[in-house]
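> Dropping a structure here in structure tokens format, bear with me for questions.
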Amino acid sequence: MSPRAARGRSVEGPVTRLLSLPARLHLRWLVILVVMAAAAAVYGRTLLTASPMPPSRAPQTGTATYSPSPR
């Protein structure tokens, strides 16, 4: 007897059945790809529509070096 059968029937509510629907229909990878594409689209839109960082607040990179100002 399997451990699940020995434990008895698990509680299956409407949310559990809805969340398991892609697996039961063998569409798991399709759902994963759609969710990943949606997340990438939202992230890309955020990057494209964000206002640029002002130069005075830009993060410092590397070590402090002296560079003469152009005249």
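> Any residue in region 28-55 that's of a type in the set (A, V, I, L, M): show its pairings with residues that are in a helix (DSSP H, G or I) at Cβ separation under 8 Å, as long as the two are six or more apart or on different chains.
Pairs found: Leu30/Pro22; Val31/Pro22.
> Sticking with this one: Select from region 13-71 the residues that are in a helix (DSSP H, G or I), polar (S, T, N, Q) and either surrounded by 10 or more Cβ atoms within 10 Å (Cβ to Cβ) or modelled with pLDDT of 90 or more (or both) and list them in ascending order. Full working, then the answer.
Narrowing region 13-71 to residues in a helix (DSSP H, G or I): 14-19, 21-24, 28-49, 55-57.
Next, only the ones that are polar (S, T, N, Q) stay: 16, 46, 49, 56.
Correct list: Thr16, Thr46, Thr49.
The values are calculated or read from the model by the stated rules, or taken from the named source; none is laboratory data. This is a predicted model, so every value here is computed, not measured. No Cβ is skipped: glycine too gets one built from the backbone with ideal geometry, and neighbour counts run over all protein chains shown.
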